[in-house]
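**Student:** Right, I'll just put the structure down here and ask away after.
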Amino acid sequence: MVLVSPSLTDLVTLLDTLIPPALAMEGDPIGLQLGDPARPVRSVLLALDASHSRVIEEAITKKVDLVISHHALIYRPLKKLLTTDVYQKGIQQLIRHDIAVFAAHTNWDIAVGGVNDRLAKL
């Protein structure tokens, strides 16, 4: 039996079904923020913030294909991308290691079974 990994597009479609983009607050940068949509995804890392250096280090070390993050990696348009800036260097590392990033923020908060439902249950 040959197992075929889903493409990034396949996973984004699934995530958009589970965590509909229409639920996001206006202007909230959600969805696929980095990566090749055609690339197969074999491993995923969940994180609160994909820009955190420890998250990036773990993603690289574990050779994950996709980081699903609650907070957006890119919130405002980038005007430059320098290695002297820790945040910008992190984005470069993700690109260099071909690690995609998908963000689900306020839509994940509001979705049925999402963050708000979980907090209310606690």
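The values are calculated or read from the model by the stated rules, or taken from the named source; none is laboratory data. What you are looking at is a predicted structure, and each value in this text was computed from that prediction instead of being measured. Cβ sites come from the backbone with ideal geometry, for glycine too, and all protein chains shown count toward neighbours. The accessibility values were calculated without ligands, DNA or RNA, using every heavy atom of the protein model including side chains. Shrake-Rupley method; radii C 1.70, N 1.55, O 1.52, S 1.80 Å.
**Student:** What are the residues whose amide H is under 5 Å from the amide H of Gln33, where those residues sit 5 or more places off or on another chain and H is modelled from the backbone?
**Tutor:** Val101, Phe102, Ala103
**Student:** Another question, if that's okay. If you roll a 1.4 Å probe over the heavy atoms of the protein chains, what accessible area per residue do you get for the chain, in Å²? Walk me through the numbers before you get to the answer.
**Tutor:** Numbers: 7860 Å² over 122 residues.
For the chain, the per-residue accessible area is 64 Å².
**Student:** Return the carbon/sulfur percentage of the accessible area of the chain, one whole number, probe 1.4 Å, all protein chains in place. Write out the running numbers ahead of the final one.
**Tutor:** Numbers: 4660 of 7860 Å².
Carbon and sulfur together cover 59 percent of it.
**Student:** In sequence order, what are the phi-derived ³J(HN,Hα) couplings for the range 12-26 according to the Karplus relation 6.51 cos²θ - 1.76 cosθ + 1.60 with θ = phi - 60°, rounded to whole Hz, with x for glycine and proline?
**Tutor:** Rounded to whole hertz, the list is 4, 4, 5, 4, 5, 6, 6, 10, x, x, 5, 7, 5, 5, 4.
**Student:** Residues with amide H under 5 Å of Ile74's amide H, sequence separation 5 or more or different chain, H placed in the peptide plane at 1.01 Å from N; which?
**Tutor:** none
**Student:** Oh, and also: Quick check: residue separation of Leu48 and Asn116 times 0.36 nm, minus the Cα distance between them. What number comes out in nm?
**Tutor:** Details: separation 68, 0.36 × 68 = 24.48 nm, distance 1.48 nm.
The Leu48-Asn116 span can extend by a further 23.0 nm.
**Student:** While we're on this one: List every residue whose amide H lies under 5 Å from the amide H of Leu45, counting only residues 5 or more places away in sequence or on a different chain, with H placed 1.01 Å from N in the peptide plane.
**Tutor:** Long-range HN contacts for Leu45: Leu66, Val67, Ile68.
**Student:** Given an 8 Å cut-off on Cα distances and at least 6 residues of separation, report the relative contact order of the chain as a percent.
**Tutor:** Details: 192 pairs, mean separation 39.3, N = 122.
It comes to 32 percent, rounded to a whole number.
**Student:** Let me ask you something else. Picking from Leu66, Leu119, Gln93, whose Cα lies most toward the positive end of the charge dipole for the chain (charges on Cβ: Lys, Arg +1; Asp, Glu -1)?
**Tutor:** Gln93
**Student:** By the gyration tensor of its Cα atoms, with a ≥ b ≥ c the square roots of the eigenvalues, what is the shape of the chain: rounded for a/c under 1.5, prolate for a/b over b/c, or oblate? Don't skip to the answer; put the middle values down first.
**Tutor:** On the way: a/c = 1.69, a/b = 1.16, b/c = 1.46.
Here the chain falls in the oblate category.
**Student:** Near Lys80, which lysines are there with a Cα under 20 Å away, not counting those fewer than 8 places off in the same chain?
**Tutor:** Partners found: Lys89.
**Student:** From the backbone phi of the range 95-112, what are the Karplus-calculated ³J(HN,Hα) couplings (6.51 cos²θ - 1.76 cosθ + 1.60, θ = phi - 60°) in whole Hz, Gly and Pro given as x?
**Tutor:** For the range 95-112, the Karplus-derived couplings read 5, 4, 9, 6, 9, 7, 10, 10, 10, 9, 10, 5, 5, 6, 4, 8, 4, 4 Hz, x marking Gly and Pro.
**Student:** Still on this structure, please answer the following. What is the sum of charges around Ser51, taking Lys and Arg as +1, Asp and Glu as -1, for the other residues whose C-beta is under 14 Å from the C-beta of Ser51?
**Tutor:** Values: positive: Arg54, Arg76, Lys89; negative: Asp49, Glu57, Glu58, Asp85.
Net charge around Ser51: -1.
**Student:** Related question: Using a Cα-Cα cut-off of under 13 Å, which aspartates and glutamates could be cross-linked to Lys62, ignoring same-chain neighbours fewer than 8 residues away?
**Tutor:** Qualifying aspartates and glutamates at Cα under 13 Å: Asp98.
**Student:** What are the ³J(HN,Hα) values, in whole Hz, obtained from phi via the Karplus relation 6.51 cos²θ - 1.76 cosθ + 1.60 with θ = phi - 60°, for each residue of the range 57-67 in sequence order, with x given for Gly and Pro?
**Tutor:** So the Karplus estimates, Gly and Pro as x, are 4, 5, 4, 5, 4, 8, 6, 6, 9, 8, 10 Hz.
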